[in-house]
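Beneath this line is the structure, given in structure tokens, with notes to follow.
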Amino acid sequence: MDFETGEVVYLNKPLEWTSFDLVNKFRYKLSRKLNVKKIKVGHAGTLDPLATGVMIICTGRATKRIDEFQYQTKEYVATLKLGETTPSFDLEKEVDAVYPTDHITEAMVVDALKLFIGTIQQIPPMFSAVKVNGRRAYKDARKGRVVELKPKTLVIDELELLECKLPVIKIRIVCSKGTYIRALARDIGEALHSGAHLTALERTRIGDVTLDMCLKTDEIDSFLDKEIINTINEI
């Protein structure tokens, strides 16, 4: 593989790492092994720190393909806890409100999920990278400021209930670029006349790239060693 000219690598982002942490770690290891001071590395499709799963990393001229990957369909598996909300819609912030769940049945959950299949309008979370007046929304939200966000049009192709152990449910989502699964959790909670937040999120696919095709972080060194040696031997 010619990383300086441009390659595409699939990685499995670990829990609590930011997307930029993963890019920086890969760039650092790659530049050290190539013995270069600078190499262009970017990623397609940011994941929240508390999410794991498929990340596409591009190097060199392959960074021009980032937009191509960004617009591909994505698949997630999400775990939601009903009856509780947090300001961030996930575990980043503490529970700020509790709601009843005794009235919720599995059949109600299935019906509620159907409401979100197709083209929908979604208001992004305040704790997100959406820009408002030139500033990232999360920067103001983390300072306690109220951020007014406009609804965005997006498409959810599939929404499947995988497990239902109330008040916890696990769902599979196939969706378009720009979908906030945390916001979807909020909206599902409201549709059930309750509340909800994410307790786990894994991206299992981007386009045709699936999780089983992705390198774990502890495999990066051996992968780079092998590919760089192969490239040298081919010269």
For residues that are buried (at least 16 other Cβ atoms within 10 Å of the Cβ) and hydroxyl-bearing (Ser, Thr, Tyr), scanning just region 49-72, find the one that is farthest from Asp2 (Cα to Cα). Thr52
If Leu15 satisfies every condition in (1) in a helix (DSSP H, G or I); (2) modelled with pLDDT of 95 or more; (3) out of contact with any His (no Cβ under 7 Å at 6 or more places or on another chain) but one, which is the exception? (1)
Exception for Thr46 within (1) touching a residue at least 60 places away in the same chain (Cβ under 8 Å); (2) outside any helix (DSSP H, G or I); (3) surrounded by 16 or more Cβ atoms within 10 Å (Cβ to Cβ); (4) not small (Gly, Ala, Ser) falls at (3)
Quick test of your reading of the structure: Glu4 fulfils all but one of (1) over 30 Å from Glu92 (Cβ atoms); (2) modelled with pLDDT of 95 or more. Name the failing condition by number. (2)
Restricting attention to region 79-97, report how many residues are among the aliphatic types (A, V, I, L, M) and over 20 Å from Cys164 (Cβ atoms). 3
Condition first: more than 22 Å from Glu75 (Cβ to Cβ), of a type in the set (A, V, I, L, M, F, W, C) and touching a helix residue (DSSP H, G or I) at 6+ places or on another chain (Cβ under 8 Å). Now tell me which residues in region 16-56 satisfy that. Phe26, Leu30, Leu34, Ile39, Val41
Looking at Cys58 and the list (1) of a type outside the set (S, T, N, Q); (2) assigned to a strand (DSSP E or B); (3) within 14 Å of the chain's Cα centre (by Cα), which single condition is not satisfied? (3)
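The values are calculated or read from the model by the stated rules, or taken from the named source; none is laboratory data. None of the values given here were measured: they were computed from a predicted structure. Every residue, glycine as well, gets a Cβ built from its backbone with ideal geometry; the counts of neighbours run over all protein chains shown.
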